[in-house]
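Here's the structure we're looking at; comments come further down.
The values are calculated or read from the model by the stated rules, or taken from the named source; none is laboratory data. Since the structure is predicted, the reported quantities are computational estimates derived from the model, not experimental observations. Glycine gets a Cβ as well: all are built from the backbone with ideal geometry, and neighbour counts include every protein chain shown.
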Amino acid sequence: MSNEPNPLTALSEAMAEAVAKAGAATVMVNARRRFPASGIAYAADLVLTADHVVERDDDISVVLPDGSQLKATVAGRDPGSDLAVLRLERGAASAAQPAPQDPRVGQLALSLGRPTEEGIQASLGIVSAIGGPVRTGRGGLLDRYLRTDAIPYPGFSGGPLVDSAGRVIGVNTSGLARGASLAIPVGLAWQIADTLAKHGHVRRGFLGVRSQPVTIPSTQQKALGREQSSGLLLVGVEENSPAEAGGLLVGDIIVAISGQPVTDADQLLASLVGDVVGKPVPVQVLRGGQPTVIQVTIGERKE
Amino acid sequence: MDVQAFSDQIADALSDVNRRVQRSLVVVHNGRQGAGAGVVWRQDGYIVTNHHVVAEHRGPFTRRAAASSHSVTLPDGRDLPARVIAKEPELDLALLQIDAQGLAPALVADSRGLQVGQMVLAVGHPWGQVGVVTAGIVSGLGSAETGQPPRKVPIIRSDVVLAPGNSGGPLVNAAGGVVGINTMIVGGDLGVAIPSHMVEAFVERALRGAGEVAV
């Protein structure tokens with residue numbers, strides 16, 4: 001037995017490097033009564049963390065990897081995706097690097113957290129599943145989520161799930177599903193963080209309809225010009241709603257919004273998140289079996 | 001990348017490490033049900049294990065007479081009686097001596113150079129199955145309070161799966177060096193190990209003490 005480098009020691013050193021790199025952007029978040037949780041430096045003065053670990057709006061502090069403690073305020077929250085953005089009193093953090101590629105099931109994943117001042121903590125696993133869209137227990141809709149078998153230690157919520165190069169592939173949270181630890185994919189998390197930093201909350205669109213999924217007969221699919229076996233039948237249109245103003249009628253079957261097919265309520269909700277609020281979008285419906293496009297200006301859902 | 005070749009290289013390296021570690025791995029019997037693990041620390045019969053593996057049980061259902069007879073099973077199958085020559089409950093460490101020479105001592109690595117994320121392997125006898133290897137990474141380098149009065153002891157946390165029977169066994173790095181002794185002084189089924197530099201210091205203290213008694 002020698003101490004020469006072998007594939008095992010090379011792998012070991014690569015993982016330690018990944019932890020060191022991502023750990024430099026993983027911070028401790030003091031914003032709840034029990035032990036602290038973790039956060040990701042998203043910019044020099046912004047920390048992305050899990051909403052459920054930010055139990056108070058005042059007296060929040062963030063401890064950086066070098067041990068310096070900074071005051072922080074809540075810049076924005078999105079309970080629906082269990083994300084929150086904190087603004088540091090000054091830009092002192094080194095920002096995390098997001099992974100450029102989409103995660104794949106089976107790839108190595110390191111889960112990181114900094115719930116104590118004793119240093120970075122990590123566990124090893126793989127990306128076990130990629131799922132979504134899913135309705136969260138907190139009234140939101142998550143387009144996509146990651147599942148990992150890396151151990152979620154106490155206080156890991158808000159910390160990063162990273163690849164073998166230390167690049168962020170997701171934000172860990174145990175607050176979205178009972179008894180399961182999920183990660184919000186970095187693309188989605190960064191997008192939500194952008195919105196939270198700018199607006200303080202995620203704007204969710206409002207149509208003002210009640211609907212139920214129905215099967216689309218093959219003759220009507222032919223008229224539609226594509227294979228789409230289901231759509232959303234409107235069974236109610238609220239008065240003075242964006243839907244009514246745009247001219248949607250009870251009996252219409254919504255089949256697409258902005259060119260994206262809509263086959264169930266989750267897809268409808270997903271199509272109403274983000275920049276569409278306040279803008280006219282083309283809503284394709286089957287009316288009397290014939291496809292028709294109606295422009296509807298999307299309103300904003302008040303929580 | 002040739003995944004098959006890479007996988008083979010990893011497996012080769014792992015079995016090298018495993019072979020090396022198993023040569024210094026013993027089973028520690030304490031006269032009760034269940035057994036612990038131990039590591040040959042020196043060729044002349046000194047073996048490190050957990051204190052709780054050799055501690056006398058004061059429960060109502062254990063015969064104390066039986067609890068004081070210890071033995072060690074070596075990798076070559078020999079069963080030898082062992083004497084407890086030193087123990088430090090707050091570190092959960094004990095030093096045993098058997099009458100044997102020319103044993104294969106463990107390769108000890110300096111735990112002060114450990115980094116979170118490095119690969120580690122635990123070798124022991126979980127649930128009585130001898131010589132089982134489990135793999136993971138160093139999860140954290142921190143401390144735990146143990147003993148009465150409480151004392152802060154540095155510990156290595158890992159995500160390696162441990163079970164009863166891993167106690168007293170080695171936690172080794174990717175090069176096969178012992179970086180810690182697995183213990184169960186704190187915290188569930190997640191791996192906690194006493195760093196090897198603490199073990200070295202314990203053994204040194206113990207042997208100095210034993211020497212003084214002999215003089």
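Starting from residues that are of a type in the set (G, A, S) and either over 16 Å from A:V262 (Cβ atoms) or free of Cβ contacts under 8 Å to residues at least 24 places away in the same chain (or both), keep the ones in segment A:190-207 and report whichever is surrounded by the fewest Cβ atoms within 10 Å (Cβ to Cβ).
Once the filter is applied, the top-ranked residue is A:G200.
Given (1) buried (at least 23 other Cβ atoms within 10 Å of the Cβ); (2) at pLDDT below 95, identify the lone condition not met by A:A50.
Of the numbered conditions (1) buried (at least 23 other Cβ atoms within 10 Å of the Cβ); (2) at pLDDT below 95, the odd one out for A:A50 is (2).
Kindly indicate the residue of segment B:112-141 that is within 14 Å of chain A (Cβ to nearest Cβ) and among the polar types (S, T, N, Q) and also nearest to B:G34 (Cα to Cα) among those meeting that condition.
B:T134
Out of all the residues in segment A:263-298, which are crowded, with 18+ Cβ neighbours inside 10 Å, within 22 Å of the chain's Cα centre (by Cα) and within 18 Å of A:V237 (Cβ to Cβ)?
A:L268, A:L269, A:S271, A:L272, A:I298
Pairs please, first residue from segment A:169-189 and within 12 Å of A:S157 (Cβ to Cβ), second anywhere and in a helix (DSSP H, G or I) and among the acidic types (D, E), Cβ atoms under 8 Å, 6+ apart in sequence or on different chains.
Matching pairs, first to second residue: A:G175/A:D51.
Does B:P81 meet the test of being within 30 Å of A:N6 (Cα to Cα) and either assigned by TED's automatic domain parsing to the domain that holds B:T183 or at pLDDT 90 or above (or both)?
no
Taking segment B:28-46 as the search range and keeping residues that are farther than 12 Å from B:P170 by Cα and in a strand (DSSP E or B), which one is nearest to the other protein chains (Cβ to nearest Cβ)?
Of everything passing the filter in segment B:28-46, B:R42 is nearest to the other protein chains (Cβ to nearest Cβ).
A quick yes/no check of all residues on (1) out of contact with any Phe, Trp or Tyr (no Cβ under 9 Å at 6 or more places or on another chain); (2) within 7 Å of chain B (Cβ to nearest Cβ):
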| residue | (1), (2) |
| --- | --- |
| A:P7 | no, yes |
| A:S12 | yes, yes |
| A:E17 | yes, no |
| A:A25 | no, no |
| A:V29 | yes, no |
| A:S38 | no, no |
| A:A43 | yes, no |
| A:V47 | yes, no |
| A:D51 | yes, no |
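How about segment A:162-196: which of its residues are of a type in the set (G, A, S) and outside any strand (DSSP E or B)?
A:S164, A:A165, A:G166, A:G179, A:G187, A:A189, A:A193, listed by residue number.
Would you pick out the residues in segment A:162-188 that are within 21 Å of A:G274 (Cβ to Cβ) and surrounded by fewer than 24 Cβ atoms within 10 Å (Cβ to Cβ)?
Passing the criteria: A:G187, A:L188.
Answer yes or no: is there a residue in segment A:71-78 that is within 14 Å of chain B (Cβ to nearest Cβ), more than 30 Å from B:Q9 (Cα to Cα) and crowded, with 16+ Cβ neighbours inside 10 Å.
The answer is no, given that none of the residues of segment A:71-78 is within 14 Å of chain B (Cβ to nearest Cβ), more than 30 Å from B:Q9 (Cα to Cα) and crowded, with 16+ Cβ neighbours inside 10 Å.
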